[in-house]
Every structure is written in C-alpha cells, then in structure tokens.
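The values are calculated or read from the model by the stated rules, or taken from the named source; none is laboratory data. Values in this document were obtained by computation on a predicted structure and should not be read as measured data. Note that we place each Cβ from the backbone using ideal geometry, even for glycine, and neighbour counts take in every protein chain shown.
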Amino acid sequence: MNIDCPPLPERVYVDREMWEKIVLNLISNAFKFTFTGAITVRLHHIGSQVELAVQDTGIGIKAAEIPRLFERFHRVKGVQGRTFEGSGIGLSLVQELVNLHGGTVQVSSVEGEGSCFRVLIPTGCAHLPAERIEATRTLSSTAMGASPYVEEALRWLPEENKSTEAVKNQEGRITIAPTYPYVPNVYGDTTGTSASSRILLVDDNADMRDYVKRLLSQRWQVQTAANGAIALSLIQQQPPDLVLTDVMMPELDGLQLLQALRADPRTNSIPLILLSARAGEEATIEGLEALADDYLIKPFSARELLTRIETHLELARLRFERSTNRFKNEFLMTVTHELQAPLASILGWARLLQSQPFDATRAAQALATIERNATIEAKLIKDLLDVATILSGKLRLKSQVVDLVALVQNVTTTFRQAAEAKRIQLIKTISNEVKGNVFADGDRLKQVIANLLDNAIKFTPEGGKVTIQLERFDSDIIITVSDTGIGIHPDFLSYVFDRFTQAEVPSHHTPGGVGIGLAIARHLIELHYGTIGVARVGEGQGATFTIRLPLVR
C-alpha cells in the first residue's frame, strides 16, 4: 500500500469518527477487490478543498454500474471479490458522511484495470453550521473503530486458521458463562421484547454488522459475530434470545449454523432469522425447510426487520410461558414428594419416641434415622437455594489458594462409612506429580466432589468399586470419579448436567433428589474456569466423571 499524505497548509474541520469511517470504508473496499498490484491513498490540498483519493489496481467497475454505486443496498452483481457477498451499504454510508461535511464523493473506474474514489471536503468552516464547530457530542458514539475492517482483512489472508483466532481476539465480546438449555430472557419481564432481550447478529461484512447493530441497539442488547463458527462458540457459552444471521459466510455459513443449533437439544428452540441477498421462492423454502423461523431478503426495510424480530421474540416468550407452567407443576410435585419422604420418617420416629418407651440401643437407632433423614432434607433445601441463586445470577465464589490434595483426601474420608455399608471399595489415587494448588472456593469444590462420590456410591451395587483419581496434565489438575455401577444410557448423556432431569433407573434403585446436583456441579466448575464431563459409557458399565481445573501459576 502506498500512502501519500503531506502536511496540509490550513485547517480542515471534520468529525474525527465519521472521517475515520470514510477512510476505512474506502480502503477496505479497495482491498476487497484488488488481488494484484497496489492500493494508493493520497491526501492533498487543491484550491479551497482537500482531496482524499483511494486508488487501486483491482477488478474495476462496469460503466453501467457506476451511476447506482452509491445507492443503499445496491451491490454490483457477478464480480469477483474476497467475500461471498457485500452488504451494499458501505459506499452509501461514505456518501452520506461526506455530504454531512459539505463535501462530494466521485468515482472513476476502468473494468479490469482498477478504480479511484475521490472525496472532496471544503477547507475552513464557512460551509458548516456555527453550532457544530468544536461542538461536544451529545450522543454516544456508534463507531466501531478499525477492528471490524481489520477482522475482515485478516480473513482474506492465506492462513485461514490463524485468521479465525485473530477475529475471535478482535471481537473482544466472548465471555465465559455457564451453558444451560436455552430459555428466553424473560425473568422478571412482562414482555419478551424488552430491552433485556439479547440478539446475536452474525454477518461477515463489517458494514452490515455496524448498520444492523446500530438499528437494533435502540431496542435490544446486541452481540455480534463475524462468522458462523464464532457465533456457535458464543451461543454455546451463553445462548441469546434470538439469532439473526447472514447465509453466505466463510468457515461456517448461516445454514450450517442453523443445522448445528437445531441438532443440539440445548439450543434447538432459539428463534433464528436468516438474512440473504438470494431472492426467490426456492431460496426462501430452502431456509424454512432447514427449520429457520423466518427468512428476510436483502434489501429490507428497517421497519420490516424490527417488526419480524419483535414478533419472534414475543412468540418465543409465549412458548416459554406455556412450557414454564407445565414445568412448574411437575417440579412442585417432584419437590413435594422428595421433601415429604424424609419428613414423614422424621415425624414418625419422633412420635414413637414420645409415645413408647425405648431402650438405649433402640433410641440410638431412632435418633440416627431422624438425623439421617434431616440431613437429606437439609441437603435438598440447600440445593434448591443454590439453584435459585444460580437462576438469579447472584452466586459468587469465595476463592483462595486451595491444597486440592488435602481437600480430596478430606472429602473421600467422609464417604468411607457409606461405602463400607455397601461393601464397596472406595479407592483414592493421587499422582506424585500433583503438587500444585488451585485458586478456588474450597467449600464449593468439596460440594462438587461430594456430589459425584455420593452418586457413585448410590448407583453402585454391593461389592462394587468407586475410584477417585487426582492427576496433573500440563497446567491443569484432573479429578476423575468412576464407578462400576448401573451406568448411563447413551440417550441421556446430553441431559446429564441439565436441571431437574433424572435418568430412568432399575426399580431396585431409588434415585432420590430432584435432578439438580449435577447441574449445580457444572455451574460451580465453570465459575472456576474449569470443565466437567462424563464419559460415553453404556448401561451397566459404570460411569466416569472428569473435572479439569487450572493450576495456580
């Protein structure tokens, strides 16, 4: 790239962010359609004006297309470029911003030889309203800086894989959050279309992302992704309330993103609207057959886009409310049953102690039974409170440096008696390489490990074996809890860590609980920037749960 920008002899009044947008759009456009040769950027003083010229040796523009080049949403058809499709708003935006400066924009081009865009801005300030000179902005900036253009250019470089990582880093919007099945963001809201609704906008074109984001941000929270692969990563970390995606994109296109979301039970109900320049009945049917909720053809009006988004958010809210009502009834019945069982045992034994004489041995047995059932009741209530805290987003860790070896030994010791009662071997294995500490909430880690050991002992028949292993792998600590119990059916693996789900178990096993222990465990581990998973084993072959936590460096 050649840059020819000598000092100017007098001041030129511009809005810095608008001017940056003008320059970046023109350079990006030149880069997009130039495969060999050079791009030259010149800034010169000409009479009472300053001329910005961006010239390239690219594919050029047909003479018939030049009169419509600055129309919004107009795209030159059948040209070779570095992206699948453009937004058709970049040059229109340039013209609008130049006009706000009292200037003009011109283009000259020869097909096959290149193009030159010239922006002419008057010097001085006589052409501008007096109240706008040296004025302080009254509106917050919507400029996105150079990052979107850099992201786009990086994707055009030969090293495809590196470009993806660079885009992810540039996005700067990827957050670590627990992954749960999608539910609309309507807690505490009376409408699903409130400002708290989150929309994920996916488009590989920086201009279109900028334009649509500014449009939608007036009503909703908007997150953006430069392609389907980045979008899928964001969705898996924190599902949005609606996805608005372009169809033609590199790495993972809109239809492939849609297919991935519909195949995952955690995300298959997220409303998704496809945006595409492909008009016609066939393209629309293709999108709807892929289970898109809607299909919008470019160019579209802002009013139409906003109306469709609002409609699908409202439909999602209504569907969620219907599901919620059924879920509430089922949940209340389950919780009531689980609370009543230990409570009935406590009350029964308490009445017997009051009404009948007991010898010391029998009284001790009765008190032990009462204590055991009270402990079950207390754990269930604590788990329910934890879930309520998780749903409200108020769960916070009290982290410090923790000796994980000592912690695992301590938790394992508390389960010795329960294992011996069923003649189960409880084996603890700690690798010699495990000498590091973790920065964690020790009580919460105990809660997770205790939950896994409790489940393992509960679902392992008499004479079986439960193993807890602690080892180091690179800069991580690996905790593995495995058993020789009844195992997990492959169809249930996707739901193991979901709230309020329980696998069907043989009649001689009593599952107990309300299906929230593993959901809480996953949330706590993810708050520690770790992962928890279960091996793909069949029924009757036992189960293996693995926790991975980063070491303190």
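Total residues in region 241-259 satisfying the condition of being modelled with pLDDT of 90 or more and more than 18 Å from TYR295 (Cβ to Cβ): the figure is 1.
When region 59-88 is filtered for residues that are under 30 Å from TYR13 (Cα atoms), at pLDDT below 60 and either crowded, with 19+ Cβ neighbours inside 10 Å or basic (Lys, Arg) (or both), the ones remaining, listed by number, are SER87, GLY88. For the residues ALA388, ALA378, the requirement of being part of a helix (DSSP H, G or I), surrounded by fewer than 14 Cβ atoms within 10 Å (Cβ to Cβ), modelled with pLDDT of 80 or more and not polar (S, T, N, Q) singles out ALA378.
I need the full set of residues from region 288-321 which are within 23 Å of GLN256 (Cα to Cα), in a helix (DSSP H, G or I) and either small (Gly, Ala, Ser) or within 22 Å of the chain's Cα centre (by Cα) (or both), in order please. Across region 288-321, the qualifying residues are ILE309, HIS312, LEU313, ALA316. Might you check whether a residue that is surrounded by fewer than 19 Cβ atoms within 10 Å (Cβ to Cβ), touching a Ser or Thr at 6+ places or on another chain (Cβ under 8 Å) and modelled with pLDDT under 85 occurs anywhere in region 496-509? Yes, some residue in region 496-509 is surrounded by fewer than 19 Cβ atoms within 10 Å (Cβ to Cβ), touching a Ser or Thr at 6+ places or on another chain (Cβ under 8 Å) and modelled with pLDDT under 85. Counting just the residues of region 465-495 that are of a type in the set (Gly, Ala, Ser) and in contact (Cβ under 8 Å) with a residue 60 or more places away in the chain, which one comes out farthest from GLN409 (Cα to Cα)? Looking at residues that are of a type in the set (Gly, Ala, Ser) and in contact (Cβ under 8 Å) with a residue 60 or more places away in the chain, I get SER494. When you scan region 147-156, do you find a residue that is farther than 22 Å from GLY58 by Cβ and at pLDDT below 90, even just one? Yes; the residues of region 147-156 include at least one that is farther than 22 Å from GLY58 by Cβ and at pLDDT below 90.
Each residue in region 203-260 was checked for being assigned to a loop (DSSP other than H, G, I, E, B), under 18 Å from PRO271 (Cα atoms) and in contact with a Gly (Cβ under 8 Å, 6 or more places away or on another chain), and 3 pass.
If you go through region 1-22 and pick out every residue that is assigned to a helix (DSSP H, G or I) and either of a type in the set (Ser, Thr, Tyr) or more than 21 Å from SER48 (Cβ to Cβ) (or both), you end up with 4.
THR413 fulfils the conditions (1) under 25 Å from PRO550 (Cα atoms); (2) modelled with pLDDT under 90; (3) out of contact with any helix residue (DSSP H, G or I) (no Cβ under 7 Å at 6 or more places or on another chain) except for a single criterion, (2). Here is the figure for region 391-410: residues that are at pLDDT below 70 and of a type in the set (S, T, N, Q) total 1.
Annotation: ILE230 fulfils all but one of (1) surrounded by 22 or more Cβ atoms within 10 Å (Cβ to Cβ); (2) under 20 Å from ARG319 (Cβ atoms); the unmet one is (2).
Within region 120-141, identify whether any single residue is modelled with pLDDT of 60 or more, over 14 Å from TRP19 (Cβ atoms) and in contact with a Gly (Cβ under 7 Å, 6 or more places away or on another chain), and answer yes or no. Yes, because at least one residue in region 120-141 is modelled with pLDDT of 60 or more, over 14 Å from TRP19 (Cβ atoms) and in contact with a Gly (Cβ under 7 Å, 6 or more places away or on another chain).
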